[in-house]
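Enquirer: Pasting in a structure now, in structure tokens, and then I'll have a few things to ask.
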Amino acid sequence: MDIFDKSAQNPGGWRDATVRMVHEGRGTTHLVDVREPDEWAGELGVIEGAECVSLASVVEAASAWKKDETLILVCRSGNRSGKAAAALQNSGFTRLINMTGGMLAWSAEALPVAGR
């Protein structure tokens, strides 16, 4: 069973996954960090392998992605990544996961970030 199948259904239509689930299942998915560029270099860091695409440009960037691939969306707290999930769902994406708690929760669990 992959992370999409393990994740919880969100009332918005996408799925929610904990940071531990994302940490364990990220190698088989497309991880997209929708924070702003200054945040990617900030204290919370970036998850290894994440594609950094700000929320404002995520729909445009998504034109290069497969609509049926599993996308895990990440932000600082889980709010903007939820907005990204809604926008991508409206664009026809079907396997969307919001990482609940965002990078704040990732950091609280002391999970690894790129370059650190």
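Enquirer: Out of segment 13-80, which trypsin sites (Lys or Arg not before Pro) are coil in DSSP terms and have no more than 14 other C-beta atoms within 10 Å?
Expert: Of the trypsin sites (Lys or Arg not before Pro), the ones in loops of segment 13-80 whose Cβ has at most 14 other Cβ atoms within 10 Å are Lys66, Lys67.
Enquirer: Within segment 31-94, list the GluC sites (Glu not before Pro) lying in a DSSP loop whose Cβ has at most 15 other Cβ atoms in a 10 Å radius.
Expert: Listed in order of number, the matching sites are Glu43, Glu48, Glu69.
Enquirer: While we're looking at this one, here's another question. With just the Cα atoms of segment 1-46, tell me how far they stretch along each of the three principal axes, in Å, largest first.
Expert: Computed over segment 1-46, the largest-to-smallest principal extents equal 34, 24, 16 Å.
Enquirer: Just to confirm my numbers, what's the Cα centroid distance between segment 28-57 and segment 74-116 in Å?
Expert: What the calculation gives is 9 Å, centre to centre.
Enquirer: Counting Lys and Arg as +1 and Asp and Glu as -1, each charge on the Cβ, what is the dipole of the chain about the Cα centre in debye, to the nearest 20?
Expert: Roughly 240 debye, rounded to the nearest 20.
Enquirer: Counting only C-alpha contacts under 8 Å and six or more residues apart, can you give the relative contact order of the chain as a whole percent?
Expert: Relative contact order here is 33 percent.
Enquirer: What is the log10 of I(q)/I(0) for segment 26-67, computed with the Debye formula using one identical point scatterer on each Cα and no solvent, at q = 0.20, 0.31, 0.35 Å⁻¹?
Expert: -0.64, -1.13, -1.23
Enquirer: Distances longer than 24 Å among the Cα atoms of segment 1-108: what percent of all pairs is that?
Expert: Distances greater than 24 Å cover 12 percent of the Cα pairs.
Enquirer: Among Met99, Leu55, Ala86, flag the residue with its Cα farthest along the positive direction of the charge dipole of the chain, charges on Cβ as +1 for Lys/Arg and -1 for Asp/Glu.
Expert: Ala86
Coordinate-derived values only; no laboratory data. Model, not experiment: these values are computed from the prediction. Cβ coordinates were reconstructed from backbone atoms using ideal geometry, including for glycine residues, and neighbour counts include every protein chain displayed.
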